[in-house]
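Participant: Below: one structure in structure tokens.
The values are calculated or read from the model by the stated rules, or taken from the named source; none is laboratory data. This is a predicted model, so every value here is computed, not measured. All Cβ positions, glycine included, derive from the backbone under ideal geometry; neighbour counts span all protein chains shown. What goes into the accessible areas is simple: the full protein's heavy atoms, side chains included, and nothing from ligands, DNA or RNA. Shrake-Rupley method; radii C 1.70, N 1.55, O 1.52, S 1.80 Å.
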Amino acid sequence: MLAVLFLAAFGSCQFAVAADITEAIAAYRSGKYDEAISLAAEAIEAGRESEEWHHVRIESQMTLGQYADARWSLAVGLERFPNSIRLRWTGVDVQRYNGDSPLAEETLGEIGELLDKSAWRYRDAANQIAAGWYFLHRGADAKGVLNEYFNKVKRAAPRLPHGFIAAGELALAKNDYGLAATALEEAAKLSPDDPDVHFGLAHAYAESDAKRSQAALDAALKLNPRHVPSLLRKVDEHVSEEQYDEADAAIERVLAVNPEEPTAWTYRAVLAHLRGDAENEVAARARALAHWQENAEVDHLIGQELSQNYRFAEGATYQRQALGIDADYLPAQLQLAQDLLRLGDEDGGWQLADAVFERNNYDVVAHNLATLRDRLTKFTTLEGHGFVVRMESQEAAIYGERVLALLARAKRELCAKYDVTLDEPTFVEIFPRQQDFAIRTFGVPTEAGFLGVCFGRVVTMNSPASQGENPANWQAVIWHEFCHVVTLAKTNNKMPRWLSEGISVYEERLANPAWGQSMNPEYRAMILGGMLTPVSRLSRAFLDAQSPLHIQFAYFESSLVVEYIVEKHGLETLKGVLDDLGQGVSINVALARRVGSLEELDGGFAKFARQRAEDLAPDADLDEPDAQTKADADLLAKWIEEHPNGYFGLRRLAARMIAEKKWDEAKDVLTRVRDLYPQYGGGDSAYVLLAMVHRELGETEEEIAALAMQAKLDADALPSCLRLLELCSAAEDWEAVARYAEAAIAINPLVAAPHRQLAAAAERLGDDERTLAGLKAQLSMDALDLADSHFRIAKAYRRQRNLASARRHVVQALEEAPRYREAQRLLVELVTAMRPPRAPEPDVAPVAPEPDVLTLPVADGATASIIESETAP
């Protein structure tokens, strides 16, 4: 328990009676635990009158795994200080790790009795902190303890770190990383030489600021190279990076300090599971529980690590084992709730999440999930083709059917390609608020960065509404994430991140060359500059990325590895690797079995990637002028003279000419730029600039051609698509209008114009399905003429002979405009067509027929009638 360590260290520093207690504290903090034990033992034997000596000795012995010695030291301390609640609180874990949980419970009861009888005795800062942790253990409200104990200590003793550390540690336990960072930063100012504080800061910043987190962890290990919590965090990092050999080495460093350290043995069980070594998994778990059999944290941590590796079903099994040990263990309950939600067991997951929140409403993750569930109840659910799609209601009306259709196509193509059958439904949730996506995905709000995440049967993604003015192509995101569904199903969620992401990006490119990622000048420079990551370490590249560019390069490189394997060894070889992974074979063994040694793979891939980089724009000089050259017209002209095919210099020159409105000169330069690198379709491509120049020169056909190439190369080129819609509508090129309307909707379906223009083009092309899609989307957005929209929908349904739907919409048109003559005539026609044939009449004298009267609403509650006789036209 980190809080115990904090109490011991700071209690000793601030409340020592003997001046040389600081020497023992310094030894403890620097990792000289044996020295700290010796110094404390000498002081205790000499009769030094301070409880802190006992804390130093007990904590040092516990850190070294000397549990029996710590128990004896506890007894000595309590004999000398029989009313100490701090020694008793420290002693709870001492007794547990000596296999005496009943005595630990008795000790907790003694703390409660002492606080009840003599609360006045425990008003100092250190005892108030101990009392706060005790009440938390007994189930007190966390916010109440924070305010009544920890924050009061902060106010009463602002120069002591006690209250700040306790508040920070509580915030970490409740996933409130912002509050934790604030409190622990204050603690670090007051006690900069304590590694525990820096370790806490590393934890607090881990989700939001990787550099600060790493700096804090480095600081902790610099102060104490044997600091067990920090060493264990290194183990966790290596496991997340799929660097299992490095994780083994880090575990050995922990065991060199404490051969019995339960968390180290827990990580050994995790590694054994990930390697498919069931025998060593069982043995390591048993070793982790050897001293305290009722320690639910062991199974919880194993399950949590497995879930972080996308083994949610296996992780859930371990959470259930943890709850079998301690049914009230909240971390296991919360993790199990998240596992169930990610496995598609929504009833069980939400029920458990609600139960956790009811008991623990300060926990940030529990609170976030409860809030999110309230929002999800307002979503619309669409079902079909083995999918359950949840979307915000208006978005579902606008493009929900498109989502289902694309998912059906992806399932049909990708499942067949990878020999996968999905027997259970796949859940897809699309969030218009980025924070809701982050909470559903990670449990806490995070900065934007992920467009979508796949857990296996569950996919979460951001809708275009959450992405500002320049959203990513949602169709590409869906294709990417559903590819994860397929490959995770094939491997039973047992695949490294680089391979999973690599296949998804590779399949994006195959489905649409404008999707996914392609070679570009930045990636070319990184490859030729020796920045390729060896295949065996590619998963680490996602976590160690220095910038967003490096993260994107990790995706691209992973996809290039997949492309290399398929080109050199064939798709069946790649599928064989996936089959091996599904059987529990490690990735390195599977690759060696199917494609050769890792050394051969790394060498062959490096040559392949280098060749791809060199093949990019072979006629172009892709060196870039420096900032000074770009800013100076004369220097730029000289640079271009020396680099006549200098792509970036020429592009800079063109931009300068555009700024000076030298349109003809700019066109000539941009034509050269385009020809040097015709496959580049970024937002600053030659095609974008050429379109601008052609527009200024009134060259409409040339503008259309440039914009068309940009739209072809860039799946996110919404401005180009919108301009093409305008130009092609004016030219009455309805095939092109329909094409670019679809392209625009694939980027941002929440813009109204593409739906209007799609409907108009589809009507002229006789395409009733797309006519209906465009008009229905209009109705859900900003249809300026509801009556016209309903009438056109009715006509499309009539052409499809869906007379009931046609009648419903023509009536809605007349509700908006009761005197709409064309709608009136269409309604008469529909009623006539839908009337059942009359039976033959008996041979009697003819009688004038009764007219059919249709009564329609008009303004102010009045009615209008259309009289339809059998002779009506």
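Participant: Mind listing whichever residues of the stretch 155-171 are outside any helix (DSSP H, G or I), free of Cβ contacts under 8 Å to residues at least 60 places away in the same chain and not basic (K, R)?
Facilitator: A157, P158
Participant: I'd like the residue in the stretch 665-721 that is under 13 Å from A655 (Cα atoms) and without any contact (Cβ under 8 Å) to a residue 12 or more places away in the chain and, out of all such residues, is farthest from the chain's Cα centre (by Cα).
Facilitator: If we take residues in the stretch 665-721 being under 13 Å from A655 (Cα atoms) and without any contact (Cβ under 8 Å) to a residue 12 or more places away in the chain, then E665 is farthest from the chain's Cα centre (by Cα).
Participant: Out of everything in the stretch 580-606 that is loosely packed, with under 15 Cβ neighbours inside 10 Å and charged (D, E, K, R), what residue ends up being nearest to M495 (Cα to Cα)?
Facilitator: If we take residues in the stretch 580-606 being loosely packed, with under 15 Cβ neighbours inside 10 Å and charged (D, E, K, R), then R593 is nearest to M495 (Cα to Cα).
Participant: Could you please find all residues in the stretch 64-81 being in a helix (DSSP H, G or I) and under 24 Å from T263 (Cα atoms)?
Facilitator: Y67, A68, D69, A70, R71, W72, S73, L74
Participant: Take the conditions open to solvent by less than 30 Å² (accessible area, probe 1.4 Å), assigned to a helix (DSSP H, G or I), in contact (Cβ under 8 Å) with a residue 40 or more places away in the chain and closer than 18 Å to S539 by Cβ and apply them to A609. Does it pass?
Facilitator: Yes, satisfied.
Participant: Hey, another quick one. Being modelled with pLDDT under 95 and in contact with a Gly (Cβ under 9 Å, 6 or more places away or on another chain) is the filter here, so list the residues in the stretch 315-334 that pass it.
Facilitator: D328, L334, listed by residue number.
Participant: Continuing with the same structure: Can you tell me which residue among K174, K143, K152, K189 is in contact (Cβ under 8 Å) with a residue 60 or more places away in the chain, out of contact with any strand residue (DSSP E or B) (no Cβ under 8 Å at 6 or more places or on another chain) and open to solvent by 60 Å² or more (accessible area, probe 1.4 Å)?
Facilitator: K143
Participant: Considering only the stretch 418-432, state which residues are open to solvent by 60 Å² or more (accessible area, probe 1.4 Å) and at negative phi.
Facilitator: Within the stretch 418-432, T421, D423, E424 meet the criteria.
Participant: Among (1) within 21 Å of A736 (Cβ to Cβ); (2) open to solvent by less than 50 Å² (accessible area, probe 1.4 Å), which single condition is R770 missing?
Facilitator: R770 satisfies all of (1) within 21 Å of A736 (Cβ to Cβ); (2) open to solvent by less than 50 Å² (accessible area, probe 1.4 Å) except (2).
Participant: Here is a list: A250, A215. Which entry is modelled with pLDDT of 95 or more, of a type in the set (A, V, I, L, M, F, W, C) and more than 25 Å from M62 (Cα to Cα)?
Facilitator: Selected residue: A215, the only one of A250, A215 that is modelled with pLDDT of 95 or more, of a type in the set (A, V, I, L, M, F, W, C) and more than 25 Å from M62 (Cα to Cα).
Participant: Next question, about the same structure. Take the residues of the stretch 443-465 that are of a type in the set (G, A, S) and at pLDDT 90 or above: which is farthest from the chain's Cα centre (by Cα)?
Facilitator: Taking the candidates together, the pick is A465.
Participant: Among the residues that make up the stretch 428-450, is at least one of them touching a His at 6+ places or on another chain (Cβ under 8 Å) and aliphatic (A, V, I, L, M)?
Facilitator: Checked against the condition, which is being touching a His at 6+ places or on another chain (Cβ under 8 Å) and aliphatic (A, V, I, L, M), the stretch 428-450 yields no hits at all.
Participant: Hey, can you tell me all the residues within the stretch 204-234 that are part of a helix (DSSP H, G or I) and open to solvent by 40 Å² or more (accessible area, probe 1.4 Å)?
Facilitator: A210, K211, R212, Q214, A215, D218, K222, L223, R233, K234
Participant: I'd like the full set of residues that are out of contact with any helix residue (DSSP H, G or I) (no Cβ under 7 Å at 6 or more places or on another chain) and assigned to a helix (DSSP H, G or I), limited to the stretch 414-444.
Facilitator: Those that are out of contact with any helix residue (DSSP H, G or I) (no Cβ under 7 Å at 6 or more places or on another chain) and assigned to a helix (DSSP H, G or I): A416, K417, Q435, A438, T441, F442.
Participant: Name the single residue, out of those in the stretch 358-406 being polar (S, T, N, Q) and assigned to a helix (DSSP H, G or I), that is least open to solvent (accessible area, probe 1.4 Å).
Facilitator: Step by step, filter the stretch 358-406, then rank; the result is N368.
Participant: Identify the single condition in (1) in a helix (DSSP H, G or I); (2) in contact (Cβ under 8 Å) with a residue 40 or more places away in the chain that L201 does not satisfy, given that it satisfies every other one.
Facilitator: L201 satisfies all of (1) in a helix (DSSP H, G or I); (2) in contact (Cβ under 8 Å) with a residue 40 or more places away in the chain except (2).
Participant: Which one of the conditions (1) assigned to a helix (DSSP H, G or I); (2) surrounded by fewer than 17 Cβ atoms within 10 Å (Cβ to Cβ); (3) of a type in the set (D, E, K, R); (4) modelled with pLDDT under 95 does E572 fail to meet, given that it meets all the rest?
Facilitator: It is condition (4) that E572 fails.
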